[in-house]
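What follows is a single structure, written as structure tokens, with notes after it.
The values are calculated or read from the model by the stated rules, or taken from the named source; none is laboratory data. Computed from a prediction, not measured in an experiment: that's the story for all the values here. For neighbour counting, all protein chains shown are included, and Cβ atoms are generated from backbone atoms with ideal geometry for every residue, glycine included.
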Amino acid sequence: MNIILLGAPGAGKGTQAAIICDRLHIPTISTGNIIRAALKSGTEMGLKAKSYMDEGKLVPDEVVIGIIKERLAEDDCKNGFVLDGFPRTIPQAEALDSMGIQIDKVIDIEVSDEEIVGRLSGRRVCESCSDTYHVAHHPPQEEGKCDKCGGTLVQRKDDHPETVNDRLRVYHEQTEPLKGYYEKQGKLFEVKGEGDIGDITRLTLAAIEA
Ligand code: ADP
Ligand code: ZN
């Protein structure tokens, strides 16, 4: 099954992606993670993307479309995949269509702007393994230290409060129209992304089993 996860930054796409992958044994493809890895290893693409990312802007379509095209051609995507963070614009969705990639389901995780701002500004990530924490809702056992690997927890530059509002604006302007795009194709499933995590997960799994 080929699945897209839609939703604002911080809606919990990564968490739900991991659950779906576990259930269906298919990989998650996160353009954000691919770009951050490229940045870390200092590739040209990574360096080009950095300024956009740090400012909360979208990386140009042709760059992310190139990334996705390469990634989806890999062997592990043969039996399906979950896209987390792609497409984020109508042209990106059209690019998937013109690559001949069939999307089965699009799960939109709905979270209010107010909740998003709180989640992102409190988010901390492990420098080493990318595990995610929240200063209030999901603190590590030892402050500043990853429970899983002991790595240092840092705040992503684009999670700084002044950037979070820009990312939300970009989401509403450029990504939210994708809901209509996929609704017309009869592929859209809405999941309420606030409240008990178990309830959210049940809704996601119900959508993939529907
Ligand atoms: P979040 O969902 O928390 O915003 P991501 O890790 O998905 O974080 O993305 C972080 C940044 O990476 C985005 O703000 C953007 O600059 C860039 N990016 C990731 N995916 C895309 C995409 N499909 N199109 C354009 N830019 C992207
Ligand atoms: Zn870690």
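Looking across Leu6, Leu72, one residue alone is under 21 Å from Gln185 (Cβ atoms), hydrophobic (A, V, I, L, M, F, W, C), under 11 Å from the mean Cα position of the chain (by Cα) and at pLDDT 90 or above. It is Leu6.
For the structure I just gave you, tell me whether Gly186 is loosely packed, with under 12 Cβ neighbours inside 10 Å and outside any loop (DSSP other than H, G, I, E, B).
Details: loosely packed, with under 12 Cβ neighbours inside 10 Å: yes; outside any loop (DSSP other than H, G, I, E, B): no.
Criteria not met by Gly186.
The set of residues from the stretch 128-161 being more than 16 Å from ligand 1 (Cβ to nearest atom), more than 22 Å from Glu115 (Cβ to Cβ), free of Cβ contacts under 8 Å to residues at least 24 places away in the same chain and not charged (D, E, K, R) comprises Gln141, Gly144, Cys146, Cys149, Gly150. Across the stretch 79-115, the number of residues qualifying as touching a residue at least 40 places away in the same chain (Cβ under 8 Å), within 11 Å of ligand 1 (Cβ to nearest atom) and in contact with a helix residue (DSSP H, G or I) (Cβ under 7 Å, 6 or more places away or on another chain) comes to 8. Considering only residues in the stretch 121-157 that are among the polar types (S, T, N, Q) and in a loop (DSSP other than H, G, I, E, B), the one that is modelled with the lowest pLDDT turns out to be Ser130.
Contact annotation: residue pairs with Cβ atoms under 6 Å, 6 or more positions apart or on different chains, pairing a residue in the stretch 28-39 that is under 17 Å from Lys57 (Cα atoms) with a partner that is surrounded by 20 or more Cβ atoms within 10 Å (Cβ to Cβ), are Ser30/Asp84; Ser30/Gly85; Thr31/Val64; Thr31/Gly85; Thr31/Phe86; Gly32/Gly85; Ile35/Ala49.
Just one of (1) out of contact with any strand residue (DSSP E or B) (no Cβ under 6 Å at 6 or more places or on another chain); (2) away from ligand 1 (no atom under 16 Å from the Cβ); (3) not aromatic (Phe, Trp, Tyr) trips up Thr204, so point out which. Tallying (1) out of contact with any strand residue (DSSP E or B) (no Cβ under 6 Å at 6 or more places or on another chain); (2) away from ligand 1 (no atom under 16 Å from the Cβ); (3) not aromatic (Phe, Trp, Tyr), Thr204 fails exactly one: (1).
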